[in-house]
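Rule-based calculations on the coordinates, nothing more; no lab input. Since the model is a prediction, treat every value here as computed from it, not as a measurement. Neighbour counts are summed over all protein chains in view; Cβ atoms, including those assigned to glycine, are modelled from backbone coordinates with ideal geometry.
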Amino acid sequence: MPQKRIRNLIVCLGDQLNRDSAVFDGFDAASDCVWMAEVMGESTHVRSSKVRTALFLSAMRHFRLALEKEGFRVDYRTLDSNDGSSDLGSALARSIAKAKPARVLLVQPGEWRVQEMLERAAKNAGVPLDVLPDRHFLCSTDEFRAHAAGRKQLRMEYFYREQRRKHGVLLDRTGGPEGGEWNLDHENRESFGTKGPEGVRKPRAFKPDATTRDVIAVVERMLKDHPGDLGGFDWPVTPAQAQDALEDFVEHRLEHFGRWEDAMWTDEPVLFHSRLSSAMNLKLLSPRRVIERVEQAYRSKAVPLASAEGFIRQVLGWREYVRGIYWLHMPDYVQRNALKADQPLPGFYWTGETDMRCLRAALTQTLESGYAHHIQRLMVTGLYALLLGVRPKEVHEWYLSVYVDAVEWVELPNTLGMSQYGDGGVMASKPYAATGKYISRMSNYCKGCRFDPAKSEGDDACPFTTLYWDFLLRHAKGLGGNPRMALQLKNAQRLTEVTVRGVRARARAIREGGGQPV
Ligand SMILES: Cc1cc2nc3c(=O)[nH]c(=O)nc-3n(C[C@H](O)[C@H](O)[C@H](O)COP(=O)(O)OP(=O)(O)OC[C@H]3O[C@@H](n4cnc5c(N)ncnc54)[C@H](O)[C@@H]3O)c2cc1C
Ligand code: SF4
């Protein structure tokens, strides 16, 4: 840290690695200094996977090198510094005390907790802190607030249409949706049948360079008890690599993305998904660039509309929407528990050791590599926690820990809201509750599993199916006013008394076994 008083101390967090960020506007190398810090608190406030931490730190160190090459002054704190700072607030306070900047600049962080911590550190030090808007996103938080104002209920679909119109994405000559429909979700739900997927090409892998290898060594040493296997680390850690990952996806997987977006298959963790979330969330890759490139692939007839629209809906629709929801409802949102779920998270979520083949596959893959695709997160790990009745905050903390792309603005609404219905319907119009038959239809997991997805009672009944009926019985009253639940609840009412008794007894036994079926 230079001893001379500096004008602006520019905070650059681990998920703010975009050179076009507002904090760099008007940067003056003679009087400004960029501040970056690796702190243990960010890996321990939830038990962050080694892969997640290594990805953030490696991308940060590469960004620092790129800034220094451009002539920026960077005050960089490494994870193994012994300066007594264990969290971002105390690390910033130390640097402020040393450098005595006239002001601190910060782009709105991806987590309410972090913004609060940094604002407090600057306030205590008596230095003004400016929070600037995050230009990475296509919809600002103010714009989302305006969208939400006066609406009784928010739905992604209307927001998505607005964004398509506003940004001129996939529109026809009349300004309507390309192909006549805004949403081709009905074409995005195929399974692989019994044959299984064909022509799946593994995503482009990025071999760790010297910087990443250094990070891996530090993480192995300092977070040895955390989940994650760094042996196969291959994530993009620079903007150039992120761009290569995008090209690799567009060329080799996008064509089939739409059709098999919801399908799952043993030992095929990525299938036709992009694996671009971490690159976008760290801001190595701009969502605008991603959307443009995908639309271009469609316009040049390289990919079908259902794939291009399905993918753009995720990035321009869901990704922007969940961020709006996060900032609209925080800080209270994290405490919500609309279904009054009170069970602890099963211990096997940290080991993958369970006879339930679908969960074993999704958990093992997640714990090792830090990745699972959307349907595995929503309809396997998320669904089981929902049906079992796990406290949503615990589910949220697990997801925040284990996924490489986990930053709270995107993880929390997806987990607590979409998958656990903890927000009582803000994110989803009804709980995503289903039996094991859904998993059976969309994957090959049930083949060879000791449980039967069609059965709800007895020792070989699929725990998802048992817990599904138990869920409907437990919440019949609370969800009774939701017209979208009417059919499911009616079916639950039709169960015989004997079945109800059998379901309840088995569900109780599963809960008493910590979520593990006997
Ligand atoms: C319980 C749960 C937790 C999740 N936690 C996270 C998280 O921590 N971080 C995260 O980035 N995504 C999260 N998601 C959303 C989604 O599952 C991941 O973005 C996706 O699986 C990442 O893999 P991919 O890049 O191959 O995605 P693809 O399937 O290729 O999708 C393309 C892109 O669309 C975006 N996207 C897709 N679905 C969503 C969504 N529901 N919300 C926001 N963006 C979306 C992502 O940026 C993704 O890279 C979560 C979903 C659920 C159900
Ligand atoms: S039978 Fe049930 S537990 Fe087994 S893989 Fe299928 S859904 Fe999962």
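Overview of values
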| item | result |
| --- | --- |
| Highest to lowest packing among 465-474, 5-14, scored as the average C-beta count within 10 Å | 465-474, 5-14 |
| Unit charges on C-beta of K, R, D, E only; dipole of the chain, Debye | 920 |
| Sequence-distant residues sharing a close amide H with Gln343 (under 5 Å, placed H) | Val390, Arg391 |
| If the convex hull is drawn through the Cα atoms of the range 391-518, its volume per residue in Å³ | 128 |
| Over the chain, relative contact order from alpha-carbon pairs under 8 Å, at least 6 apart, % | 16 |
| Lysines with Cα under 23 Å of Lys123, excluding same-chain neighbours fewer than 8 positions away | Lys4, Lys98, Lys100 |
| Computed label-point distance, nm, for sites Thr364 and Glu497 using a 7 Å Cα→Cβ extension | 4.5 |
| DSSP-assigned coil residues among GluC sites (Glu not before Pro) in the range 170-233, each with at most 16 further Cβ atoms within 10 Å | Glu181, Glu190, Glu198 |
| Interchain or long-range residues, amide H under 5 Å from Ala37's placed H | Arg77 |
| Value of relative contact order over the range 421-518, rounded to a whole percent, pairs C-alpha under 8 Å and six or more apart | 22 |
| Residue-wise HN-Hα coupling along the range 436-451, computed from phi with Karplus coefficients 6.51, -1.76, 1.60 (Hz; x: Gly, Pro) | x, 5, 4, 5, 4, 5, 9, 8, 10, 4, 6, 5, x, 7, 6, 9 |
| Long-range HN-HN contacts of Trp235 with modeled amide H, under 5 Å | Phe206 |
| Furthest towards positive pole of dipole, Val270, Leu105, Thr78, structure part the chain, Cβ charges | Leu105 |
| Kirkwood Rh in Å, taken over the chain so that all alpha-carbon pairs contribute | 24.3 |
| Sum of -39500 (n - 2.57) over DSSP H runs of 4+, divided by residues of the chain (222 nm, nearest 500) | -12500 deg cm²/dmol |
| Net dipole in debye of the range 110-231 [+1 Lys, Arg Cβ; -1 Asp, Glu Cβ; about Cα centre; nearest 20] | 40 |
| Dipole-positive endmost among Ser43, Gly370, Leu495 within the chain (Cβ charges, Cα centre) | Leu495 |
| Backbone HN-Hα couplings from phi across the range 240-253 [Karplus 6.51/-1.76/1.60, Hz, Gly and Pro as x] | 5, 5, 4, 5, 4, 5, 5, 4, 4, 5, 4, 6, 10, 10 |
| Net dipole in debye of the range 295-375 [+1 Lys, Arg Cβ; -1 Asp, Glu Cβ; about Cα centre; nearest 20] | 280 |
| Charge context of Glu320, other residues only, Cβ under 12 angstrom, K/R +1, D/E -1 | +3 |
| ³J(HN,Hα), Karplus 6.51/-1.76/1.60, whole Hz, each residue of the range 355-362, x for Gly, Pro | 6, 6, 4, 5, 5, 4, 5, 5 |
| Reachable lysines from Lys455, criterion Cα separation under 26 angstrom, eight or more residues apart if same chain | Lys195, Lys430, Lys437, Lys447, Lys477, Lys490 |
| Sparsely packed trypsin sites (Lys or Arg not before Pro) within the range 208-306, loop by DSSP, other Cβ within 10 Å at most 16 | Lys224, Lys301 |
| Which of Thr381, Ser90, Phe233, positive extreme of dipole for the chain (C-beta unit charges) | Thr381 |
| Mean Cβ count within 10 Å, highest first, over the residues of peptides 104-114, 136-146 | 104-114, 136-146 |
| DSSP bridge pairs, the chain: antiparallel proportion in percent, nearest 5 | 5 |
